[in-house]
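Here is the structure we will look at, set down as structure tokens.
Just so you know, all these numbers are worked out from the coordinates, no wet-lab data involved. Computed from a predicted model, the values in this text were never measured in an experiment. Cβ coordinates were reconstructed from backbone atoms using ideal geometry, including for glycine residues, and neighbour counts include every protein chain displayed.
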Amino acid sequence: MFAELQFAGFWMAAATFVGIWSGHVGVRWLEAHSPNVLPPALILFAIGLALNIYSLFAPTFVLAGVTSIYGITVIWDGVEMFRQQRRVQHGHSPANPNNPRHAAYLKAGTATTTELLDRDPQGVPVSETDLEAYQKTPLKNKAEVNVS
Amino acid sequence: MTLVGIMLGLFTLVMIGFGFVWVIGVEYHFGYLWWPYPLVLGILFIILSLFVGNPGWSALLGIAGGVFVWGSTELRDQAVRAELGWFKFNSKPKPDPPGIRWIKRIKAPHL
């Protein structure tokens with residue numbers, strides 16, 4: 001029965017979801033631990049490009065699709081390194097106090113060590129006062145564990 | 001040499017871009033509690049891709065399914081982003097999704 005099924009779509013779906021998920025988690029970790037985002041971003045661009053070049057010569061349809069899909073998400077992760085840096089600078093993503101680059105953002109007062117997305121939606125906008133208080137809450141969230 | 005892989009990669013990029021747009025729109029107009037519906041739609045696309053004989057159509061369905069599954073995990077975070085003022089907040093009442101009693105019992109997934 002399984003021999004009659006077409007698994008190409010399943011593998012493409014897996015490559016898409018794993019590519020997005022690994023980028024989501026990996027970019028946050030890499031940006032939080034890199035003193036300079038340019039070298040890891042260039043490495044990601046190179047890996048993504050290499051995967052896409054391989055896909056041109058891949059022996060099977062599935063391998064060509066999976067390597068290109070994953071490769072394109074890795075290239076996008078390279079772009080995301082810079083976007084993540086900006087998020088940290090603006091306090092939209094937690095800063096790692098042990099990273100000298102992030103420490104400078106924290107000193108400048110624009111960044112935060114709190115993972116602001118680590119809360120359930122309340123259905124009402126967060127007031128400036130609440131946001132300030134929340135940012136000063138002692139860290140007991142996963143972001144702190146990840147970056148320390 | 002085959003360009004089919006690159007074409008699928010580019011299709012994925014476009015679908016992810018479209019994913020950002022619909023996640024913002026769905027959260028704004030309907031709310032994050034609708035998250036199971038894109039999740040189920042994505043899973044259905046992936047299941048359907050197994051029964052499509054043509055590998056090209058199967059691949060496109062699989063990619064679309066993967067993006068819908070990811071999008072469903074973004075709705076909760078998008079609701080928080082809107083509440084924090086990073087995106088436009090819709091103060092109008094939002095329609096309850098069918099099965100809201102069960103949906104509220106499950107923690108909305110996020111990456």
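Computed quantities for the displayed model
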{"read-out": "At 1.306 mPa s and 10 °C, Stokes diffusion of chain B via Kirkwood alpha-carbon radius, µm² per second", "value": "105"}
{"read-out": "Radius of gyration, Dmax [segment B:3-50; alpha carbons; angstrom]", "value": "13.2, 40"}
{"read-out": "Size of charge dipole - chain A - debye, nearest 20, with Cβ of Lys, Arg +1 and Asp, Glu -1, no other charges", "value": "380"}
{"read-out": "Order of B:12, B:73 under a 10 Å beta carbon neighbour criterion, fewest first", "value": "B:73, B:12"}
{"read-out": "Table column - 3J(HN,Hα) (Hz), segment A:66-78, Karplus curve with 6.51, -1.76, 1.60, x for Gly and Pro", "value": "4, 5, 6, 4, 5, x, 5, 5, 5, 4, 4, 4, x"}
{"read-out": "Qualifying aspartates and glutamates (Cα of each under 20 Å from Cα of residue A:107; at least 8 residues distant if same chain)", "value": "A:31, A:115, A:132, A:144"}
{"read-out": "Cross-link partners of residue B:88 among aspartates and glutamates (Cα-Cα below 12 Å; sequence separation of 8 or more within a chain)", "value": "B:27"}
{"read-out": "Long-range HN-HN contacts of residue A:6 with modeled amide H, under 5 Å", "value": "B:51, B:52"}
{"read-out": "Rounded to whole Hz, the Karplus (6.51, -1.76, 1.60) HN-Hα couplings of segment A:87-95, x for glycine and proline", "value": "4, 5, 4, 8, x, 8, 9, x, 8"}
{"read-out": "Fraction in percent of alpha-carbon pairs per bin - 5 Å, chain A", "value": "2, 9, 15, 16, 14, 12, 10, 8, 6, 4, 2, 1, 0"}
{"read-out": "Ratio Rg/Rh, restricted to the protein assembly as shown and using Cα atoms, in which Rh is the Kirkwood radius", "value": "1.01"}
{"read-out": "Magnitude of the charge dipole, the protein assembly as shown, Cβ model with Lys/Arg +1 and Asp/Glu -1, debye to 20", "value": "380"}
{"read-out": "Residue (of A:36, B:100, B:47) at the positive-pole extreme of the protein assembly as shown, dipole from beta-carbon charges", "value": "B:100"}
{"read-out": "Sequence ranges B:81-94, A:40-53, B:34-47, ranked by mean other-Cβ count within 10 angstrom, highest first", "value": "B:34-47, A:40-53, B:81-94"}
{"read-out": "Segment B:18-35 - phi-based ³J(HN,Hα) in whole Hz, Karplus 6.51/-1.76/1.60, Gly and Pro as x", "value": "4, x, 4, 5, 5, 4, 4, x, 5, 5, 5, 8, 10, x, 6, 5, 7, 3"}
{"read-out": "Distance from segment A:8-58 to segment B:1-47 (C-alpha centre basis), Å", "value": "18"}
{"read-out": "Longest segment of chain A lacking trypsin sites (Lys or Arg not before Pro) that sit in a DSSP loop with at most 13 other Cβ atoms within 10 Å", "value": "A:1-135"}
